[in-house]
Amino acid sequence: MKNNKLFIAIIIALVIGVVAGSIVHYNFHDYAESFSSNIKLLGTIFIRLVQMIIAPLVFCTLVVGIAKMGDMSMVGRVGAKAMGWFLSASLVSLTIGLLLVNWFKPGVGTGLNDSKDISADSASDLLTKTNSLSLETFIEHMIPKSIFEAFAHNEVLQIVVFSVFFGIALSTLGKKGKSIIKLFDRISEVVLKMVTYIMWTAPLGVLGAIAGAVAKYGLSIFLTYAKYLVAFASGLALLWVVLIFVGYLIIGKDVWRLLKAIKEPLLIAFSTTSSEAVFPKLVEQLKAYGCSPKIVSFTLPLGYSFNLDGSMMYLTFASIFIAQIYDVHMSVADQILMLLVLMVTSKGVAGVPRASLIVIVATCAMFNIPPEGIAFILPIDHFCDMGRSMTNVLGNALSTAAIDKFETKHEQPSQIS
């Protein structure tokens with residue numbers, strides 16, 4: 001009942017946010033910018049409250065999960081299955097984006113290239129950040145030079161790397177390590193209790209994020225980018241069908257129970273454009289669904305670093321869209337090469353702010369597509385990010401449930417009912 005109450009509260013907040021944003025945009029346009037900045041503080045408060053507990057939650061649950069596995073071959077087996085899923089899902093997502101953007105051709109005949117309303121200056125910060133794709137930057141984002149710095153900046157991938165080493169070392173201590181495992185287990189329980197409190201601020205966060213975006217851009221932007229949004233939404237819908245179908249093949253009818261269990265994380269991610277904001281809640285819901293805590297604590301943090309299906313689909317979609325705006329012809333071979341390049345570069349930006357847009361800029365430059373074309377998708381990017389974030393959450397929930405099914409079907413066939 002509490003879950004339903006929160007879900008209803010978020011829906012109400014979503015509607016109020018759209019209405020309030022629309023009123024400000026169309027009746028008090030001169031104040032829209034300041035209203036947007038101020039109301040978005042509600043969303044900022046919610047997201048920062050969540051970010052506050054991500055690092056201790058990832059560390060404690062992952063360390064406990066690995067230490068309780070005991071058998072290091074299981075760690076390797078689960079890790080291999082997870083990475084296999086992540087790479088396969090990324091390839092499928094990139095391919096769907098490529099196919100749909102070629103089918104709909106949303107960038108052809110838009111006239112955006114001649115628009116005086118959109119300036120490349122709005123994308124200047126992105127155009128200077130393509131060095132984020134270097135091998136050196138990837139290593140820096142993966143291996144922490146200080147675990148305290150990783151905690152301070154919520155570098156999930158770095159925390160995962162340290163936690164894996166810590167958990168493996170702890171598991172080798174035998175009886176000596178049991179008290180430490182018990183301590184971290186209790187800390188994770190406390191953090192998850194905090195999650196239940198923080199999630200009740202989610203409706204305010206949703207209201208602030210939506211009202212701010214609508215007040216700034218208005219609803220008319222959906223008409224300007226109608227073809228683009230329809231094509232992108234179709235791509236996301238197709239990706240959902242594929243992911244849910246694969247999930248159904250693995251976990252059967254329980255896939256519908258899983259979707260019901262994660263309805264709140266999906267809605268919060270959609271409303272706040274932050275899949276990170278629902279990480280703690282997703283951990284809680286997957287455990288409530290029946291996934292093994294040690295599988296959840298190991299697979300989910302990895303997924304947040306390497307398994308961003310919605311963002312993957314957007315990379316090929318947006319890159320070809322910009323090429324279409326500038327009438328840059330790309331052969332099938334060029335597009336396949338772009339897909340393979342994105343497959344590699346997208347894995348090197350875990351933890352980089354606005355990673356998807358930075359990858360798009362770098363990829364456009366690589367294929368002689370004017371990178372300043374990123375400015376054309378910035379006005380609508382917030383709304384596309386809503387769908388991307390929700391899809392990222394879905395992909396990670398399904399991958400965790402599927403891997404859990406693989407690992408537990410022989411040991412505990414009645415665990416998931």
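The values are calculated or read from the model by the stated rules, or taken from the named source; none is laboratory data. In this text, all values refer to a predicted model and were calculated from it rather than measured experimentally. Every residue, glycine among them, receives a Cβ derived from its backbone with ideal geometry; neighbour counts consider all protein chains shown. Quick note on the areas: whole protein, heavy atoms, side chains included, nothing else; ligands and nucleic acids left out. Shrake-Rupley method; radii C 1.70, N 1.55, O 1.52, S 1.80 Å.
Can you find a residue in region 25-37 that is within 11 Å of Gly205 (Cα to Cα) and of a type in the set (A, V, I, L, M, F, W, C)?
Checked against the condition, which is being within 11 Å of Gly205 (Cα to Cα) and of a type in the set (A, V, I, L, M, F, W, C), region 25-37 yields no hits at all.
So, in region 300-311, of the ones that are assigned to a helix (DSSP H, G or I), open to solvent by 10 Å² or more (accessible area, probe 1.4 Å) and not hydroxyl-bearing (Ser, Thr, Tyr), which residue ends up farthest from Gly65 (Cα to Cα)?
Among them, the one singled out is Phe306.
Having 1 or more residues that are modelled with pLDDT of 90 or more and more than 25 Å from Ile180 (Cα to Cα) is the bar; report the helices (runs of 4 or more DSSP H) wholly within region 50-167 that clear it.
Correct list: 72-104.
Considering region 17-39 alone, what residues qualify as being among the β-branched types (Val, Ile, Thr) and either open to solvent by less than 20 Å² (accessible area, probe 1.4 Å) or closer than 18 Å to Phe383 by Cβ (or both)?
Narrowing region 17-39 to residues among the β-branched types (Val, Ile, Thr): 18-19, 23-24, 39.
Selection gives Val18, Val19, Val24, Ile39.
Of the conditions (1) touching a residue at least 60 places away in the same chain (Cβ under 8 Å); (2) farther than 25 Å from Ala13 by Cβ, Ala226 satisfies every one except a single condition; which number is it?
(1)
Just to be sure before I move on: is Lys68 among the basic types (Lys, Arg), surrounded by fewer than 23 Cβ atoms within 10 Å (Cβ to Cβ) and on the phi > 0 side of the Ramachandran plot in the structure I sent? Quick ask: steps written out before the conclusion?
Numbers: among the basic types (Lys, Arg): yes; surrounded by fewer than 23 Cβ atoms within 10 Å (Cβ to Cβ): yes; on the phi > 0 side of the Ramachandran plot: no.
When the stated conditions are applied, Lys68 does not pass them.
Please count how many residues of region 1-49 are small (Gly, Ala, Ser) and closer than 19 Å to Gln285 by Cα.
Let us first name the residues in region 1-49 that are small (Gly, Ala, Ser), namely 9, 13, 17, 20-22, 32, 34, 36-37, 43.
Remaining after also requiring closer than 19 Å to Gln285 by Cα: 9.
Counting residues in region 1-49 that are small (Gly, Ala, Ser) and closer than 19 Å to Gln285 by Cα gives 1.
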